[in-house]
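I have placed the structure first, in the form of structure tokens, so that the comments after it can refer back to it.
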Amino acid sequence: MKTTLTVLLAALLSNFQLLLAQENNRIFWTDSVQLSWADFQAEAKEGQTIAALSSIAIPFSFETDGEGEISIQIQVCFVKDESWVKKAEQTPLLLKHEQIHFDIAGLHRRKIVKALKEANFTKSNYKEKLENIVGEHWNKIYRNSQDQYDQETNFSQYIKAQLEWSKKLKRLLEEYKDYREENFTVSLINFEED
């Protein structure tokens, strides 16, 4: 019995340490979070033409009783051990450029929350519809926005474009401030329409 309890406690401690390591490896986006070069912990890709790479993810989960409501959690996080910068390129301007990439992700998370709150989920479509909304927005709309940002700023080289994006982003984040929550509930409708 004592051995079983010791093994169980060791397994729980190991899982807790793994969870802690994952949490320490991520920076969750908020309006006030500012990245620093210390957050870019992966080895720089010297063969790349770009100076830095921000790895950004959108962890989300949901649960429902299948009858009345869906509880959703959706966040945006910066993944430290997948993000890198070439040491010779560590400038305040490039860091601001990478921060705006992170802020664009925060904006698109809010847009996803808005789309989810406006969707009509039924018992038969909620899983597929939720995954389609998040997937379509994150994999297409968000990615296109990030590519447009890099093109218009020439990867931080066009300072005027950087400033325009910064102002635009500040305005849009304010416009979508009603969708900043990370945990929320939506209702399942009672009829079987999509």
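Estimated at 0.36 nm per residue, the fully extended path between residue 49 and residue 33 surpasses their Cα-Cα distance by 3.0 nm. Averaged per residue, the stretch 35-110 has 45 square angstrom of accessible surface, using a 1.4 angstrom probe with ligands and nucleic acids left out. The distance linking the stretch 166-191 with the stretch 86-147 is 12 Å (Cα centroid to Cα centroid, whole angstrom).
The local environment of residue 25, defined by Cβ-Cβ distances under 14 Å, has a net charge of -2 under the rule Lys, Arg +1 and Asp, Glu -1.
Each residue of the stretch 69-78 was assigned a 3J(HN,Hα) from its phi angle through the Karplus expression (A = 6.51, B = -1.76, C = 1.60, θ = phi - 60°), giving 9, 10, 8, 10, 10, 9, 9, 10, 9, 8 Hz with x at Gly and Pro. Rolling a 1.4 Å probe across all protein chains gives residue 124 an accessible area of roughly 90 Å². Here residue 140 sits with roughly 110 square angstrom of accessible surface, probe radius 1.4 Å. A Förster radius of 22 Å, combined with the Cβ-Cβ distance separating residue 73 from residue 173, puts the computed FRET efficiency at roughly 0.65.
Measure off, as a whole percent, the carbon and sulfur share of the 1.4 Å-probe accessible area of the stretch 75-116, all protein chains present. The computed percentage sits at 50. Working note: Karplus 6.51/-1.76/1.60 with θ = phi - 60° gives the stretch 150-162 the couplings 5, 5, 5, 9, 6, 6, 5, 6, 9, 4, 4, 5, 4 Hz, where Gly and Pro are set to x.
Under 5 Å from the amide H of residue 69 lie the amide H atoms of 188, each residue being 5 or more positions distant or on a separate chain, with H modelled from the backbone and absent for Pro and chain starts.
Here the Karplus relation 6.51 cos²θ - 1.76 cosθ + 1.60, evaluated at θ = phi - 60°, turns the backbone of the stretch 89-105 into coupling constants of 9, 6, 10, x, 5, 5, 4, 4, 4, 5, 4, 5, 4, 5, 5, 4, 4 Hz, with x for every Gly and Pro. With a 1.4 Å probe rolled over the protein heavy atoms of all chains, the accessible area of 78, 155 falls in the order 155, 78, largest first.
This model, with +1 at the C-beta of Lys and Arg and -1 at the C-beta of Asp and Glu, gives the chain a dipole about its Cα centre of some 600 debye. Largest first, the residues 27, 141 sort by 1.4 Å accessible area into 141, 27. Computed in the context of the full set of protein chains, the accessible area of the stretch 138-194 at 1.4 Å probe radius has 47% of its extent on carbon or sulfur. Under conditions of 25 °C and 0.890 mPa s, the stretch 104-194 yields 166 µm² s⁻¹ as its translational diffusion coefficient, taking Rh as the Kirkwood radius over Cα pairs in the Stokes-Einstein equation. Between the amide H of residue 121 and those of 189, distances stay under 5 Å, these residues lying 5 or more places away or on another chain, with hydrogens modeled in the peptide plane.
The values are calculated or read from the model by the stated rules, or taken from the named source; none is laboratory data. Being a predicted model, the structure only gives us computed values, none of them experimental. With ideal geometry, Cβ positions are generated from the backbone for all residues, glycine too; neighbour counts draw on all protein chains shown. To get the accessible areas, we keep the full protein, side chains included, count just its heavy atoms, and leave off ligands, DNA and RNA. Shrake-Rupley method; radii C 1.70, N 1.55, O 1.52, S 1.80 Å.
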